[in-house]
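Visitor: Quick one: the structure is below, questions incoming.
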Amino acid sequence: MARPDKAATVAELTGEFSNSAAVVLTEYRGLSVKNMRELRRALGDEATYAVAKNTLTKIAARDAGIEGLEEQLTGPTAIAFISGDVATVAKGLRDFAKANPLLVIKGGVMDGRVLDADEVKKLADLESREVLLAKLAGAMLGTLQQAVFLFAAPLAQAARALGALQTAAQADPSLIAGAGTAPAAEATTTETVAEDSSDDTDAEAAPAVADTTEAEQAPVTTDDAADAASN
């Protein structure tokens, strides 16, 4: 391969290492073209699967800041660059390897850390992103339902209390028979006090009026008239 072509391939591989969610290295020795096509179809849009030269892959990994991948880059190598759900691709590779033993998982890279073959296979045991999101959504929905119940609980309790009071009042009307009578009683008491006060006032004022009337109507005697004339 001419040097410009190698440089372009290294640049492309470096970009894949940097931008992929994870990378899985496999050995494909003995797989037919048909098998490779079936594997690519099984991975779908979640990953790209391509054969790469080990020397160029080592350079690209190093340029992407990944160290320690050299031990896995021996023998024919095909790389799955995962852009979608890591667990889904890992499951696809594991299941395909079970049906086609010629596909061997060597290891991989995730979050800049080199993984061995067993660690890659453990990724296949993880739940897919869709399942995790569904569980998260279910947990959030459950929390919201609990919050709604807690907010509604006092209102429901008040409604039950009012309902119980209504039922009890229907069975025994005397429970609420006195409602609204207190103001009338107060008014009656006030009127009684006012009448009593009026009687006391009239009784005290009456003598004064009577005394004045008597003084004005008293007859004038002869002695009183003589005294007045001499004056």
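Visitor: Tally time: how many residues in the stretch 24-41 are touching a Pro at 6+ places or on another chain (Cβ under 8 Å) and surrounded by 15 or more Cβ atoms within 10 Å (Cβ to Cβ)?
Guide: So the answer is 2.
Visitor: Moving on to the next point. Restricting to the stretch 42-57, and then to whatever is surrounded by 18 or more Cβ atoms within 10 Å (Cβ to Cβ) and out of contact with any Ser or Thr (no Cβ under 7 Å at 6 or more places or on another chain), can you tell me which residue is nearest to Gly92 (Cα to Cα)?
Guide: Leu43
Visitor: Return the pairs, sorted by first residue and then second, in which the second residue is assigned to a loop (DSSP other than H, G, I, E, B), the first residue lies in the stretch 63-88 and is charged (D, E, K, R), the beta carbons are less than 6 Å apart, and the residues are 6+ apart or on different chains.
Guide: Final answer for the pair search is Asp85/Ser128.
Visitor: Which residue out of Ala97, Ala42, Ala80, Ala52 is modelled with pLDDT of 95 or more and assigned by TED's automatic domain parsing to the domain that holds Ala11?
Guide: So the residue among Ala97, Ala42, Ala80, Ala52 that is modelled with pLDDT of 95 or more and assigned by TED's automatic domain parsing to the domain that holds Ala11 is Ala80.
Visitor: In addition: If a residue has to be over 13 Å from Glu46 (Cα atoms), among the small types (Gly, Ala, Ser) and buried (at least 21 other Cβ atoms within 10 Å of the Cβ) to count, how many in the stretch 73-108 make the cut?
Guide: Of the residues in that region, 1 qualify.
The values are calculated or read from the model by the stated rules, or taken from the named source; none is laboratory data. Source: prediction; values computed, not measured. Neighbour counts are summed over all protein chains in view; Cβ atoms, including those assigned to glycine, are modelled from backbone coordinates with ideal geometry.
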